[in-house]
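Laboratory data are not the source of any read-out in this text; all were calculated from the coordinates shown. Since we're looking at a predicted model, the values are computed, not measured. When we count neighbours, we look across all protein chains shown, and the Cβ atoms used for this are built from the backbone with ideal geometry, even at glycine.
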Amino acid sequence: MTKSVINNAQDFLTVVDEKRVYQIVNIELLLRKHPPTAVIAFLKQLRSENSQRLRKVIKQNKTDPEVNDLVARNFRLKMAITTITKAMKDKGQEAA
């Protein structure tokens with residue numbers, strides 16, 4: 001996995017606001033210790049857990065600000081998954 005791909009995925013998993021910088025997941029550390037397929041599986045599991053939480057919050061109170069956070073987090077996770085998956089496919093096509 002190239003540094004560029006890792007940085008792109010990490011950008012999706014980093015939230016910057018006026019008060020702080022927050023990493024949902026440190027993707028570089030995960031990719032150092034685990035294969036990309038395992039990292040993708042982890043991110044998908046995390047996304048699934050967030051989706052379950054989102055459904056629960058929406059059932060309780062559709063106006064809860066946590067809805068916005070969970071939707072944004074799920075989008076960011078999906079984009080990171082897509083970034084890594086695309087890089088894996090591109091790498092596979094280069095070898096062919």
Nearest 10 degrees, 0 to 90: helix 66-95 Cα axis against the chain principal axis:
10
Once the piece of chain linking residue 21 and residue 88 is laid out straight, how much longer is it, given 0.36 nm per residue of separation minus the C-alpha distance between them?
21.3 nm
Degrees separating the helix 3-12 axis from the principal Cα axis of the chain, which is the longest one
10
MRE, 222 nm, helices only [DSSP H, n ≥ 4, -39500 (n - 2.57), over the chain, to nearest 500]
-25500 deg cm²/dmol
For residue 15, list long-range residues whose amide hydrogen, built 1.01 Å from N in the peptide plane, is under 5 Å from its own amide hydrogen.
22, 23, 24
Any chance you could run the full-extension gain for residue 34 through residue 51? It's 0.36 nm times the residue separation minus the Cα-Cα distance, nm to one decimal.
3.7 nm
Which three extents, in angstrom, do the Cα atoms of the chain have along their principal axes, listed largest first?
51, 28, 20
Please list, by residue number, every one of the GluC sites (Glu not before Pro) in region 15-51 that is coil in DSSP and has at most 12 other beta-carbon atoms within 10 Å.
18
What net charge is computed for the residues neighbouring residue 1, neighbours being all others with C-beta under 10 Å from the C-beta of residue 1, Lys and Arg scored +1, Asp and Glu -1?
+2
